[in-house]
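Everything on this sheet refers to the single structure shown next.
A short reminder: the numbers here are calculations on the coordinates, not readings from a lab. From a predicted model like this one, the values you see are computed outputs, not experimental measurements. As a convention, Cβ positions derive from the backbone with ideal geometry for all residues, glycine included, and neighbour counts pool all protein chains shown.
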Amino acid sequence: MPNVTHLECSLCARRWAANQAHNLCACGGTLYVRYDLPAVKAAWTPEILRSARTDLWRYLPVLPVQHAASIVSLGEGMTPLIRAHRLGSAIGAQQLWVKDEGLNPTASFKARGMTTAITMARELGIRKIAIPSAGNAASAAAAYAAAGGIEAHIFMPKDVPQANYIECKTLGAHVTLVDGLISDCARIVGERKESEGWFDMSTLKEPYRVEGKKTMGYEVAEQFHWELPDAIFYPTGGGVGLIGMWKAFDELEQLGWIGGKRPKMIAVQAEGCQPIVRAFEQNASHSEFWQNASTAAAGLRVPKPLGDVLILNILRASAGTAIAVSDEEILAGGRELAAREGVFAAPEGAACIPAARKLLANGFLSPTDRIVLYNTGSGLKYLDAYATRTQA
Ligand SMILES: Cc1ncc(COP(=O)(O)O)c(C=O)c1O
Ligand SMILES: [Zn+2]
């Protein structure tokens, strides 16, 4: 791999070889891809990006693939950063943007992680993958697996949004609906992967989804001309987007493209499943399994994120916070964003609106802060959730 030097455990810093298939470190930690950043710095500049391809593979020098020909791409990334004047006025923010990830292939930011993970799976000779998912990661896995000629085995809760189920089936994946949560789906993948010969693509259990997700951080930096915003709201289930963006900012600083200032990273969760909020408030280093998790924001229904320690460290290191909002607030936020700005958001993304309103009202953020809300998916995939509430 041109610029990849090794894989490194995010918890114990143990090194692993880069050119082999890996899941977790022996200690249970997620593996991060490490690059020869001084070499990248010597050869790569923001000016080069002006003529680079217009998807996330424009950041190729800091992406893991060895041969550009292996890339499995459907045109993901480089999503718009939309200035939200009317919503900003309504919630008391003079400088508000929405990063609209709903425009990605399969209509969510999960495409970013899957383009890199499936590309690497192909490069490492993996033929079959399995993934537990709350919905959108499954859709993206199914699409990229189809495009890459890899067999996909998908396990989702049986009450997953219908769009995700239909999408996965249509994309040719083997789909199993499970009477339980994503944690039960993960257990089944864990139990069967060896006998079935599946590579486990669970969130943070392989090193490459984070690499795709981190491009949300590269992009926001580029779109702000290398001056990061003051606050980033991110709907947090497994937390990969937060973890990825934080890694991106660290790499960008080492490249000399940004300074040491970081946005306040703000994890938004649903009241019905808020393990990170609870742990943050209790000043704990890790989260506890959230019992009876329930929310219309399906992607936030992650009772115990594997990356909880990393997420909590990021929230603290960035002077950010964690905040929970109710499903009523989420869907009202989705309608408000849609009606004021023309962006029909997934409930997960919509959760950022009430969260931002609260943190502006209580003075945690100031009206002049430059604030970015991540809308991680399209509302069109959640017609069932919006329809229920609209009729009520
Ligand atoms: C639309 C949407 N937003 C946010 C999330 C949470 O993502 P993360 O695991 O990066 O916290 C998901 C996960 O399924 C999702 O589908
Ligand atoms: Zn380790």
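Each of the peptides 356-365, 144-153 was scored by the mean count of other Cβ atoms within 10 Å over its residues; in descending order, highest first, they stand as 144-153, 356-365. Enclosing the Cα atoms of the stretch 207-268 in their convex hull gives a volume equal to 71 cubic angstrom per residue.
For the chain, the extents of the C-alpha atoms along the principal axes are 51, 50, 39 Å, listed from largest to smallest. Quick one: go through the stretch 65-91 and flag any residue whose amide nitrogen is under 17 Å from the point 7 Å out along the Cα-to-Cβ line of residue 19. Residues passing the 17 Å test: 65-70. With θ taken as phi - 60° and the Karplus curve 6.51 cos²θ - 1.76 cosθ + 1.60 applied, the whole-hertz 3J(HN,Hα) list for the stretch 129-134 is 10, 9, 8, x, 8, 7 Hz, x standing for glycine and proline. With both labels modelled 7 Å from their Cα along Cα-to-Cβ, the residue 271 to residue 45 distance reads 5.4 nm. Other residues lying with their Cβ under 13 Å from the Cβ of residue 199 contribute a combined charge of +1, Lys and Arg counting +1, Asp and Glu -1.
Extension gain for residue 177-residue 68 works out to 35.7 nm (0.36 nm per residue, less the C-alpha to C-alpha distance).
With K and R counted +1 and D and E -1, the other residues having a Cβ less than 14 Å from that of residue 86 yield a net charge of +2. Counting other Cβ atoms within 10 Å, which GluC sites (Glu not before Pro) in the stretch 231-333 have at most 14 and lie in a DSSP loop? Passing sites in the stretch 231-333 are 288. Taking every alpha-carbon pair under 8 Å whose residues sit at least 6 apart, the stretch 235-330 reaches a relative contact order of 39 percent. Evaluating 6.51 cos²θ - 1.76 cosθ + 1.60 at θ = phi - 60° for every residue in the stretch 55-65, the Karplus couplings come out as 10, 5, 6, 4, 9, 3, x, 10, 10, x, 5 Hz, glycine and proline recorded as x.
Which pairs, out of 214/261; 169/304; 158/358; 99/247, put more than 22 Å between their alpha-carbon atoms? Going by Cα-Cα distance, 169/304; 158/358 fall outside the 22 Å limit. Proximity of backbone amide H atoms, modeled 1.01 Å from N, is registered between residue 176 and 154, 155, 156 at under 5 Å, excluding neighbours fewer than 5 places apart on the same chain. Can you tell which of 27, 168, 273 shows the greatest fluctuation in a Gaussian network model of the chain with Cα springs below 10 Å? In the Gaussian network model the winner is 27. Computed 3J(HN,Hα) for the stretch 354-359, one whole-Hz value per residue from the Karplus formula 6.51 cos²θ - 1.76 cosθ + 1.60 where θ = phi - 60°, is x, 5, 5, 4, 5, 6, glycine and proline marked x.
When peptides 307-317, 7-17 are sorted by average Cβ neighbour count within 10 Å, with the highest value leading, the order is 307-317, 7-17. At R0 = 30 Å, how high is the FRET efficiency between residue 383 and residue 224 if r is their beta carbon distance? Nearest 0.05 is fine. Efficiency for this residue pair is about 0.35.
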